[in-house]
Amino acid sequence: MLLRDISFVLVTTVAVYASVYAPQPILPLLAGEFGQTTSGGALLMTAVLLPLSFAPLFYGLLLESQPAKRMLLVTIGILALLQAAFGAAESYGLLLTVRLFQGACVPAILAAITSYLAYTVDREHIQRAMTYFVAANILGGFAGRVLSGWVATNAGWRYTFFLLALALAGCFVAVTRMKADSRLSMAPVRLSAIVPILRNGDIARLYAVAFAIFFAFMALLTFLPFRLKEIDPSYSAFLISMVYSGFLMGMVMSAGATRIIRYAGGEKRAMTIGLVVYGLAMLASNVPSGAGIFAIMFVMCGGMFFVHAVAMGTMNKLAEENRAVANGLYISIYYTGAALGSYVPGLIYQGAGWAAFTLTLTAAIAAAVAITRGLKISG
């Protein structure tokens, strides 16, 4: 795979994830402008994550019979237009509708990207390629959040989404220059291709871990801006967005995952360590201080994204065939957890407070530890 094509794939990943998560730090602002409650404001994240929970599987199946590059071109172009539409929307209903359509495009792009990597990168290098992909989605999530916070504070929130539309248009041009998929077989794959994947006990456990870690993480990220406003109502959108700086540690940890796996003595042990760190950081987020939460986010993001990178890379190594389907199913389960996490735990936060909220999320992480210990892989 050409270095140029890898660069195009990673830059596109950054832009797509930025578009997904840009509204998150400004949820209190948007909820106030459009007269919504805390849970109502959080629906802007649920709306984009809900399609992500079921569409990736369909796209994964489709990508076994369609070139990934073709799907990338179509969906990136549509997503660019939808970002502009979000920036121009004048009603909350329209914002939600646009986010739903964005959610339908994003899994197609992600499934196409992971399939492109899976079929154009040598098998012995697939773990490293997937960790770079995870690092790029972390960088995108961080960049989108900081961009929206800074622009909302200094120029108005709508300009964020016009800028993202331009960035995605640039990605569209870049993808046109990528080489076509290296596959020769383009035969369609039936839904029954899922069955042998799920029969692999280790892959099924990795899917369950993915569900649990993103359920907890998305819950925290979605309601954290409201918690920070609760701690200090004077916090600006930009200051809130900077709390997500911990994503940079997540990027470092995921990019170095292969080396850490060797030091830990295998994937299973490495994931367990990462989950324990993640869970302890979740409990520590009860500190009633914006500065304290800022510091804790570095630890939390490092643990969570490390586990994600190891789980995704290991799953790709274990999938003997139909890797596009395996990746589509992984993303589907991962974002099912995200969609539920972006709304359901918020009801606990509203009804019982932040401490009960974080204890619930820690319990989900503890379940992931138990699941990981049941893996039959080395380590």
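The values are calculated or read from the model by the stated rules, or taken from the named source; none is laboratory data. The shown structure was predicted, so the numbers you read here are calculated from the model rather than taken from an experiment. All Cβ positions, even for glycine, are placed from backbone atoms using ideal geometry, and neighbour counts span all protein chains on display.
Quick notes on this one:
- Residue pairs meeting the criteria (Cβ under 6 Å; at least 6 apart or on separate chains; first closer than 17 Å to Gly141 by Cα, in the stretch 37-53; second surrounded by fewer than 24 Cβ atoms within 10 Å (Cβ to Cβ) and polar (S, T, N, Q)): Val48/Gln102
- Residue match in the stretch 128-136 (condition: over 15 Å from the mean Cα position of the chain (by Cα) and either crowded, with 24+ Cβ neighbours inside 10 Å or in a helix (DSSP H, G or I) (or both)): yes
- Meets criteria (surrounded by fewer than 18 Cβ atoms within 10 Å (Cβ to Cβ) and under 14 Å from Phe211 (Cα atoms)) for Ala370: yes
- A residue that is buried (at least 24 other Cβ atoms within 10 Å of the Cβ), in contact (Cβ under 8 Å) with a residue 12 or more places away in the chain and either part of a loop (DSSP other than H, G, I, E, B) or of a type outside the set (A, V, I, L, M) (or both) occurs somewhere in the stretch 270-286.
- All of Tyr335, Tyr278 fail the test of being among the aromatic types (Phe, Trp, Tyr) and within 15 Å of the chain's Cα centre (by Cα), apart from Tyr335.
- Residue within the stretch 291-308 that is touching a Pro at 6+ places or on another chain (Cβ under 7 Å) and either closer than 20 Å to Thr360 by Cβ or surrounded by fewer than 19 Cβ atoms within 10 Å (Cβ to Cβ) (or both) present: no
- All positions within the stretch 315-334 that are more than 22 Å from Phe54 (Cα to Cα) and in contact (Cβ under 8 Å) with a residue 24 or more places away in the chain: Lys317, Leu318
- From the list Ala108, Ala85, Ala143, Ala104, the lone residue that is part of a helix (DSSP H, G or I), at pLDDT 80 or above and touching a Phe, Trp or Tyr at 6+ places or on another chain (Cβ under 7 Å) is Ala108.
- Test: Tyr349 is under 21 Å from the mean Cα position of the chain (by Cα) and surrounded by 19 or more Cβ atoms within 10 Å (Cβ to Cβ): no
- Highlighted here would be helices (runs of 4 or more DSSP H) found entirely within the stretch 172-258 that include at least 3 residues which are polar (S, T, N, Q) and modelled with pLDDT of 85 or more, but there are none.
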